[in-house]
1. Can you name every residue in region 1-12 that is farther than 11 Å from Gln59 by Cβ, of a type outside the set (A, V, I, L, M) and touching a residue at least 12 places away in the same chain (Cβ under 8 Å)?
2. Can you find even one residue in region 19-34 that is touching an Asp or Glu at 6+ places or on another chain (Cβ under 8 Å) and surrounded by 10 or more Cβ atoms within 10 Å (Cβ to Cβ)?
3. For region 1-14, name all the residues that are assigned to a helix (DSSP H, G or I) and not acidic (Asp, Glu).
4. Is at least one residue of region 9-18 surrounded by 10 or more Cβ atoms within 10 Å (Cβ to Cβ) and hydrophobic (A, V, I, L, M, F, W, C)?
5. Inspect all residues belonging to region 45-64 and state whether any of them is among the polar types (S, T, N, Q), in contact with a Lys or Arg (Cβ under 6 Å, 6 or more places away or on another chain) and exposed (fewer than 11 other Cβ atoms within 10 Å of the Cβ).
6. If you go through region 36-65 one residue at a time, how many are outside any strand (DSSP E or B) and over 27 Å from Asp2 (Cβ atoms)?
7. If Gln39 satisfies every condition in (1) without any contact (Cβ under 8 Å) to a residue 12 or more places away in the chain; (2) over 15 Å from the mean Cα position of the chain (by Cα) but one, which is the exception?
Amino acid sequence: MDYKVISSSSPETLSSRVMDYIKEGWEAIGSHQVVVTHQQNRFRGTQHTDTISKTEYSQTIVKKS
């Protein structure tokens, strides 16, 4: 068996990439994962205004020999 982890910065792109692999005979196993890779707090003076988060989406796929 071959395993791969497909990752993307958006859920739409991940879904598209996984669908392309499925067409080539791969199969998604388990559920997708979402990880926050970076967070930046923004301030106006000393007051916190918001937080910017960058996320990464991933899905494990397998191809049976």
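What follows is calculated from the coordinates using simple rules that are stated; it is not laboratory data. Values in this document were obtained by computation on a predicted structure and should not be read as measured data. FYI the Cβ positions are ideal-geometry reconstructions off the backbone, even for glycines, and counts take in every protein chain you see.
1. Asp2, Tyr3, Ser9, Ser10
2. Looking for residues that are touching an Asp or Glu at 6+ places or on another chain (Cβ under 8 Å) and surrounded by 10 or more Cβ atoms within 10 Å (Cβ to Cβ), one finds at least one in region 19-34, hence yes.
3. Pro11, Thr13, Leu14
4. There is at least one residue in region 9-18 that is surrounded by 10 or more Cβ atoms within 10 Å (Cβ to Cβ) and hydrophobic (A, V, I, L, M, F, W, C).
5. Within region 45-64 (the criterion being among the polar types (S, T, N, Q), in contact with a Lys or Arg (Cβ under 6 Å, 6 or more places away or on another chain) and exposed (fewer than 11 other Cβ atoms within 10 Å of the Cβ)), the answer is yes, since at least one residue qualifies.
6. Qualifying residue count for the region: 2.
7. Here Gln39 meets the rest and fails (1).
For (1) in contact (Cβ under 8 Å) with a residue 40 or more places away in the chain; (2) under 20 Å from the mean Cα position of the chain (by Cα), each residue gets a yes or a no:
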| position | (1), (2) |
| --- | --- |
| Gly25 | no, no |
| Ser31 | no, yes |
| Phe43 | no, no |
| Lys64 | yes, no |
